[in-house]
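Reading through the structure tokens given below for one structure.
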Amino acid sequence: MKRVVMMLLVLAFSGLVRADEAQIRQVLEGQRQAWNRGDIPGYMQGYWHSDQLRFISGGKIKYGWDTTLKGYLNRYPDAATMGQLQFELESVQLLAEDAALVVGRWTLIREKDQPGGEFTLIFRKLEGQWRIVHDHTS
């Protein structure tokens, strides 16, 4: 009987893991779609709307949703600068029932160039929604 209960618990947990991973991937896909239609505020919906949001890029550590939004708006003032965003996910790893680590690569397809790099994201499940709380992008 213990084996059956353990097996059921393992199956239930693996189902939850798959559901959470799918939700995290859905957040990233929503961000990609928003970016590709030139909607930076829509892209920002994937981030935790908090002053504690941490964003690391270009050798700088910045905090806050508003600061991050302002940085994106300044760096990408128009659709041509934004280009078309592509993600390639290396891994989505659940660390706890409310925390996940995502590692991947990004590329912007633009008329004159194709910049890209790597990212490490920490997601937290806050009020039932997966949101990025830490973004380290190079």
message = For the range 93-131, give me each residue that is open to solvent by 40 Å² or more (accessible area, probe 1.4 Å), of a type outside the set (D, E, K, R) and more than 30 Å from ALA79 (Cα to Cα).
response = GLN93, LEU94, LEU95, ALA96, LEU126, GLY128
query = Taking ASP98 and the conditions (1) out of contact with any strand residue (DSSP E or B) (no Cβ under 6 Å at 6 or more places or on another chain); (2) closer than 25 Å to ASP20 by Cβ, which numbered condition does it fall short on, given that it satisfies the others?
reply = (1)
ask   = Looking at the range 48-104, which of its residues are outside any helix (DSSP H, G or I), polar (S, T, N, Q) and over 20 Å from GLY116 (Cα atoms)?
value = SER50, GLN52, GLN93
request  = Just give me the residues in the range 25-51 being under 18 Å from TYR63 (Cβ atoms), among the small types (Gly, Ala, Ser) and open to solvent by 10 Å² or more (accessible area, probe 1.4 Å), in sequence order.
outcome  = SER50
request  = Look through the range 1-48, keep the residues that are at pLDDT below 95 and among the small types (Gly, Ala, Ser), and return whichever of them is farthest from ILE132 (Cα to Cα).
outcome  = ALA12
message = Where the second residue is open to solvent by less than 40 Å² (accessible area, probe 1.4 Å) and the first is without any contact (Cβ under 8 Å) to a residue 12 or more places away in the chain and lies in the range 78-100, which pairs have Cβ atoms under 8 Å and are six or more apart or on separate chains?
response = GLN93/ALA100; GLN93/VAL102
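The values are calculated or read from the model by the stated rules, or taken from the named source; none is laboratory data. Because the structure is a prediction, the values reported are computed rather than measured. Glycine gets a Cβ as well: all are built from the backbone with ideal geometry, and neighbour counts include every protein chain shown. Calculation scope for accessible area: heavy atoms of the full protein, side chains included, ligands and nucleic acids excluded. Shrake-Rupley method; radii C 1.70, N 1.55, O 1.52, S 1.80 Å.
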